[in-house]
Amino acid sequence: MDSQGFAVGIADVEAAATRLEGQLVRTRLIESEALNARYDARILFKPECLQRTGSFKFRGAYNRISQFTPKERERGIVAFSSGNHAQGVASSARLFGIKAVIIMPSDAPQTKIANTRSYGAEVVFFDRYSESREAVAVPYIEERGMVLVPPYDDPSIMAGQGTIGLELIAEAGERGLTLDELFVPSGGGGLISGISVAVKAGSPQTRIWGVEPENFDDLRRSLIAGERVTNETGHRSICDAILTPQPGVLTFPINKHNLAGGIAVSDSAVRAAMRDAANHLKLIVEPGGCVALAALAAGEVDIRGKTVAVVLSGGNVDLDIYGGLIAAA
């Protein structure tokens with residue numbers, strides 16, 4: 001906890017960076033002349049789709065699991081995830097020789113399921129529209145004594161994701177740039193809260209925007225309301241990685257303090273952004289990982305003449321589905 005009473009402070013993020021040394025793929029910032037010209041801005045992309053396990057999630061999972069006590073390692077891990085956190089936890093657990101059970105939605109992309117199993121984790125399915133993943137996890141925690149590694153509402157998870165913010169500020173500085181605007185995908189808020197701690201410490205003038213799918217914009221609406229609100233049930237989106245019911249208990253106070261606001265984007269805008277990522281950046285980016293790029297076209301934030309950073313948070317998508325998603329309408 002930092003001096004303001006938040007769950008994570010800059011010292012926590014810096015400590016996470018130390019633990020992660022030698023474990024991460026260095027996802028250097030990239031840009032596209034075509035996209036810079038289209039938006040009349042200098043746009044720097046953080047390609048976490050190239051990170052270990054295909055998303056940013058390895059950072060937080062490794063930071064949390066690396067701090068396990070010997071007894072916790074013996075008990076094993078249970079986690080729930082649509083796939084990216086699952087892979088981050090499973091990969092980290094294997095590195096430390098710890099048994100992992102991952103509770104995944106039955107409609108999770110097949111590539112995420114297969115990759116999670118390839119790291120040696122046991123996969124248990126649930127229906128995300130009729131069952132509570134927390135409830136499914138209860139027997140593993142209470143009866144088997146396994147340690148829950150949550151996807152976002154955990155200080156160590158948040159601090160690990162925040163290492164992206166340290167890298168953003170450091171590399172922008174190397175190029176002699178100051179970030180005016182930063183766009184980050186948001187589900188439960190672990191990624192953006194951690195990043196915001198690091199960015200505000202190093203570049204307090206940078207405005208940070210959380211981006212979510214339409215009908216799953218609980219962060220945007222919570223920021224407006226000043227308190228956590230819940231999404232209405234019954235909606236669907238192609239952005240499986242960031243479909244959460246409401247902001248986290250620990251993440252929201254940080255985001256409320258640090259963020260400039262939230263932006264909601266349509267599935268069609270996300271598909272267009274995925275095409276842009278493929279055409280101009282030569283990157284495969286999953287739908288949930290591409291919402292921040294989609295936010296640029298939404299036009300809610302004037303970025304003309306500014307230096308902008310965009311986090312592309314993951315690239316784990318079934319290729320047969322991916323082809324259909326990026327096909328021109």
Query raised in the report: When segment 98-120 is examined, which residues are found to be farther than 20 Å from Leu24 by Cβ and open to solvent by 10 Å² or more (accessible area, probe 1.4 Å)?
Result: Lys99, Ser106, Asp107, Pro109, Gln110, Thr111, Ala114, Arg117, Gly120
Query raised in the report: Can you spot a residue in segment 57-67 that is farther than 18 Å from Ala159 by Cβ and aliphatic (A, V, I, L, M)?
Result: no
Query raised in the report: Pick from Glu171, Glu167: which is of a type in the set (Asp, Glu), open to solvent by less than 30 Å² (accessible area, probe 1.4 Å), part of a helix (DSSP H, G or I) and at pLDDT 95 or above?
Result: Glu171
Report summary line: Within segment 88-112, of all residues that are at pLDDT below 95 and more than 21 Å from Pro139 (Cβ to Cβ), the one nearest to the chain's Cα centre (by Cα) is Lys112
Report task. Could you please tell me which pairs satisfy a Cβ distance under 8 Å, a separation of 6+ or placement on different chains, a first residue in segment 250-266 that is under 11 Å from Ile195 (Cβ atoms), and a second residue that is open to solvent by 30 Å² or more (accessible area, probe 1.4 Å) and basic (Lys, Arg)? Result -> Asn258/Lys200
Requested in this report: Output the residue which, of all residues in segment 224-242 that are assigned to a loop (DSSP other than H, G, I, E, B) and of a type in the set (Gly, Ala, Ser), is nearest to Lys256 (Cα to Cα).
Outcome: Gly226
Query - Condition broken by Ser82, with the remaining ones in (1) in a helix (DSSP H, G or I); (2) within 24 Å of Glu142 (Cα to Cα); (3) open to solvent by less than 20 Å² (accessible area, probe 1.4 Å) satisfied - result: (1)
**Report entry** Only one of Ala260, Ala272, Ala294, Ala278 that is surrounded by 21 or more Cβ atoms within 10 Å (Cβ to Cβ) and either at pLDDT 95 or above or under 19 Å from the mean Cα position of the chain (by Cα) (or both)
**Finding:** Ala294
Query raised in the report: Could you count how many residues in segment 186-212 are part of a loop (DSSP other than H, G, I, E, B) and aliphatic (A, V, I, L, M)?
Result: 0
Query raised in the report: Among Ala264, Ala269, Ala277, Ala292, which is the only one that is farther than 17 Å from Ser55 by Cα, hydrophobic (A, V, I, L, M, F, W, C) and in a helix (DSSP H, G or I)?
Result: Ala269
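The values are calculated or read from the model by the stated rules, or taken from the named source; none is laboratory data. Every value quoted in this text rests on a predicted model; they were computed, and no experiment measured them. Backbone-built Cβ (ideal geometry, glycine too); neighbour counts: all protein chains shown. All accessible areas refer to the heavy atoms of the entire protein, side chains included, with ligands and DNA or RNA removed. Shrake-Rupley method; radii C 1.70, N 1.55, O 1.52, S 1.80 Å.
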